[in-house]
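Just below is one structure, and these are the notes that go with it.
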Ligand SMILES: *Cc1c(COP(=O)(O)O)cnc(C)c1O
């Protein structure tokens, strides 16, 4: 499969180059040249297939031309060492629980897949230079990427995070790992971390000395595998006899997750429509109403993994629908919620159903409450475990939130990080010494 850039100002590349480069040379996002629909028989019998079987079929449609089936199946199996089950919350509203992975957030799926795909390409090339993954994080991405790549031969991960600005739970998920993961504590804010990473990619001396790549959701190897669990959700709903008028509500920030759902839809997944649920960062919501895309500086909210003022994957959505606002707004509707509403939603849902929402999933749930039409069944993506946002959730629901064992295990580890100034020359010196 060849991948083209959404800016169409650079030649197409193969999968390996798309994964290692991340972003196209013209700053566009890579898109597969064809999105192959899956046959009707697949959907007719999908409810009898396991999550693994479904994911292997979907992976084959994306990557089957580039990777032999047995290798690809192994990558998929290694990635999905945990389930993404559907839970009924109340009549007509279901939660697709994406928090059963190592860091209790949906990003585990994409990060683990990308790590294994990269290892496959490195192995094929034979012994060579280590691939260095640089990732700037405000909390959640760093832990998913660090854990996804942990112990993978031939890859070293540097997680840059702002000192004192990530929660203790988030921090211990990438500072206690050791092995091939180095945490870099930057004396600055998230934007400084991102600037250091971008400067490193643009520094020719560094790029000559070491192979550098990024692992954020613009990478095709991180966002495409997220389609797996949309197919699985459909299968599980079909088994329940509830799949006829499905609406999927996706808490969205950089819009990688919902874009994977739109790819699934293009491949024939029988979903009636999608909802993009936002916090106060309502850029996409405004686009749906006005047809004009006006990026803004992000504002801080309690659903902080969705605090994005210029969602990268919007370019992919425009590309999928030939820039047609009419096509986009007829398939996707939007809702945007302030923190006060998110808190109330967590409270009311818990009081009425006993189901604990995290602040991100709460946006998805509320959008179904507000947007579901008669005859429709809704699924929202519960993108993180509520314990990752313990204080916020406990205050909202007025009840204690238990910490799962695998989260507690991180908190017992010893924190190790490299202190770094926000000055690029210091970061460059550090990398040159590695
Ligand atoms: C990253 C993240 C999101 C947003 O996903 P996008 O793909 O960026 O839209 C939502 N919820 C949680 C918990 C996240 O970590």
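The values are calculated or read from the model by the stated rules, or taken from the named source; none is laboratory data. The shown structure was predicted, so the numbers you read here are calculated from the model rather than taken from an experiment. Here the Cβ positions follow ideal geometry from the backbone for every residue, glycine too, while neighbour counts run over all protein chains shown.
Residue 74 is checked against (1) at pLDDT 95 or above; (2) crowded, with 17+ Cβ neighbours inside 10 Å and fails just one. What number does that condition carry?
(2)
For segment 126-137, which residues satisfy the criterion of being more than 17 Å from the chain's Cα centre (by Cα) and surrounded by 12 or more Cβ atoms within 10 Å (Cβ to Cβ)? Break it down stepwise before answering.
Initial filter on segment 126-137 (more than 17 Å from the chain's Cα centre (by Cα)): 126-132.
Of everything in segment 126-137, those that are more than 17 Å from the chain's Cα centre (by Cα) and surrounded by 12 or more Cβ atoms within 10 Å (Cβ to Cβ) turn out to be 130, 131, 132.
Would you list the helices (runs of 4 or more DSSP H) that sit entirely within segment 303-404 and hold 3 or more residues that are in contact (Cβ under 8 Å) with a residue 60 or more places away in the chain and within 18 Å of residue 275 (Cα to Cα)?
Fully inside segment 303-404 and qualifying: 314-320, 359-371.
So residue 207 fits all but one of (1) free of Cβ contacts under 8 Å to residues at least 60 places away in the same chain; (2) within 29 Å of residue 91 (Cα to Cα); (3) away from the ligand (no atom under 16 Å from the Cβ); what number is the exception?
(2)
Does residue 253 meet the test of being within 16 Å of the ligand (Cβ to nearest atom), crowded, with 21+ Cβ neighbours inside 10 Å and over 30 Å from residue 53 (Cβ atoms)?
yes
Here's the yes/no breakdown for (1) out of contact with any strand residue (DSSP E or B) (no Cβ under 7 Å at 6 or more places or on another chain); (2) within 13 Å of the ligand (Cβ to nearest atom); (3) within 19 Å of residue 331 (Cβ to Cβ):
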site	(1), (2), (3)
354	yes, no, no
358	no, yes, no
370	no, no, yes
375	yes, no, yes
382	no, yes, no
391	yes, no, no
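Quick check: anything in segment 273-286 more than 15 Å from the ligand (Cβ to nearest atom), over 20 Å from residue 376 (Cβ atoms) and surrounded by fewer than 23 Cβ atoms within 10 Å (Cβ to Cβ)?
Of segment 273-286, the ones more than 15 Å from the ligand (Cβ to nearest atom) are 273, 286.
Next cut, over 20 Å from residue 376 (Cβ atoms) only: 286.
Retained after the next criterion (residues that are surrounded by fewer than 23 Cβ atoms within 10 Å (Cβ to Cβ)): 286.
Scanning segment 273-286 turns up at least one residue that is more than 15 Å from the ligand (Cβ to nearest atom), over 20 Å from residue 376 (Cβ atoms) and surrounded by fewer than 23 Cβ atoms within 10 Å (Cβ to Cβ).
Looking at segment 189-293, what strands (runs of 3 or more DSSP E) fall wholly within it and have at least 2 residues that are over 24 Å from residue 160 (Cα atoms)?
By residue number, 246-251, 273-278.
Among the residues in segment 417-431, are any part of a helix (DSSP H, G or I), modelled with pLDDT of 95 or more and loosely packed, with under 13 Cβ neighbours inside 10 Å?
Checked against the condition, which is being part of a helix (DSSP H, G or I), modelled with pLDDT of 95 or more and loosely packed, with under 13 Cβ neighbours inside 10 Å, segment 417-431 yields at least one hit.
Conditions first: (1) more than 10 Å from the ligand (Cβ to nearest atom); (2) in contact with a helix residue (DSSP H, G or I) (Cβ under 8 Å, 6 or more places away or on another chain); (3) under 21 Å from residue 385 (Cα atoms). Residue 247 passes all but one, so which condition is the exception?
Just one mismatch for residue 247, condition (3).
Could you figure out which of (1) out of contact with any helix residue (DSSP H, G or I) (no Cβ under 9 Å at 6 or more places or on another chain); (2) surrounded by 14 or more Cβ atoms within 10 Å (Cβ to Cβ); (3) at pLDDT below 95 isn't true of residue 297?
The failed condition is (2).
Checking the conditions here, which among 187, 153, 140 is more than 16 Å from the ligand (Cβ to nearest atom) and either under 18 Å from the mean Cα position of the chain (by Cα) or closer than 22 Å to residue 109 by Cα (or both)?
Step by step, each of 187, 153, 140 is checked, and only 153 is more than 16 Å from the ligand (Cβ to nearest atom) and either under 18 Å from the mean Cα position of the chain (by Cα) or closer than 22 Å to residue 109 by Cα (or both).
Does segment 12-45 hold any residues that are at pLDDT 95 or above, surrounded by 14 or more Cβ atoms within 10 Å (Cβ to Cβ) and part of a helix (DSSP H, G or I), and which are they?
15, 42, 43
Check residue 9 against each of (1) touching a residue at least 40 places away in the same chain (Cβ under 8 Å); (2) in a loop (DSSP other than H, G, I, E, B) and name the one condition it does not meet.
For residue 9, the exception is condition (1).
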